[in-house]
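Laboratory data are not the source of any read-out in this text; all were calculated from the coordinates shown. As the structure is a computational prediction, the values presented were derived from the model and not from experiment.
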Amino acid sequence: MNKRLSTLVTALLLTTTLGWQQPLSTITAAAKTTQTTKKAKAPKHAKTKTVAGKSTHIKLQGASNARDLGGYINQNGQKIKVHRLIRSNGLSTLSKSDQQKLAKTYHVATDVDLRTVVEQQKSPDVKIKGVKLVKANVFKAFPAFPDFSKKNTGDKMMKKSYHDAITTAQGRKAYKSLFHQLLKSPKNKAVLWHCSAGKDRAGMGTALVLSALNFNRKAITKDYLKSNTYLTKTNAENLQKQEAGWKAQGKPLTPTVIANFKDQNGVKKSYIDTMYKAINTKYGSMDNFLHKGLGLSNAQLKQLQANYLTPAK
């Protein structure tokens, strides 16, 4: 295989790591010819019950995992206000109608991009009129791509990323930035945060936001796992492309390799559990992390709850 093709294939594998899926238009025709014509089966995941209340899946042409958290009810009986808190996957391929829907219907005024600098440069967010872009990199750069020919490599890679997002200064700085935008956002506007797939970095950000709004771990986990539903089609497509890229490098596509790709593309309860474990080990509790890890005061937490929740009954 020539050097150019090898470089492109390596990029393909890296850009799908940790949910950092990017448009793959740069893959050459030579790589495409290695794709199997057989349809890849979407990964199977355990079904989950809906959390108290109901969020809204925002149907967009260019982003499959966009959700309005408005409608969820916390353990105190308070409901998240609609059109205020939006989580999503990448915004680089939004259509004109998508942009209008986010800005006009959902009142998005702030876009917090949690991706790496390289991702932001290769697939920049669509510029939406009236929406402020805030770059908050949870990770500075991609980690070295692990050896997916070894068992459980994908699972270990994902868990390490969840641990590092919480324990590193870079990760905490990014999530501090997200909360800063939430605190300063006008009461009639929405803040949207996203990564590439909207499942890992955005998923952890959502877990922290919901924790600050008095949602318990069980409810947060149920919302987190919904990414498997909304990314089913995207993940099946990614799996095919990853398999093609692996073959293009002349590597055997074993069941272990495929299992690692599936672990990388989906979300699992054990991933978010790793985040909680890292928080509890270093800070003792989620409350302590919100205060000491993210620097949020009691007054700021009360402000967030007043801004984004309906009054307690």
message: If the reach is capped at under 20 angstrom between alpha carbons, list the lysines near LYS313, excluding any in the same chain fewer than eight residues apart.
response: LYS54, LYS79, LYS81, LYS302
- prompt: In whole Å, what is the distance between the alpha-carbon centres of the range 46-119 and the range 283-306?
  reply: 23 Å
- prompt: Given the pairs LYS132/LYS189; LYS187/LYS233; LYS132/LYS176; LYS59/LYS104, which span a C-alpha to C-alpha distance of over 23 angstrom in this model?
  reply: LYS187/LYS233
Length-normalised contact order for the range 147-232 - Cα pairs under 8 Å, 6+ apart - percent: 19 percent
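What is the range 201-251 by shape, rounded, prolate or oblate, if you read a ≥ b ≥ c off the alpha carbon gyration tensor as root eigenvalues and call it rounded for a/c under 1.5, prolate for a/b larger than b/c, and oblate otherwise? Could the numbers behind the result be given before it?
Numbers: a/c = 4.75, a/b = 3.07, b/c = 1.55.
Taking the square roots of the gyration eigenvalues as a ≥ b ≥ c, the range 201-251 is prolate.
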query: Quick one: Cα convex hull volume of the range 150-221, Å³ per residue?
result: 111 Å³
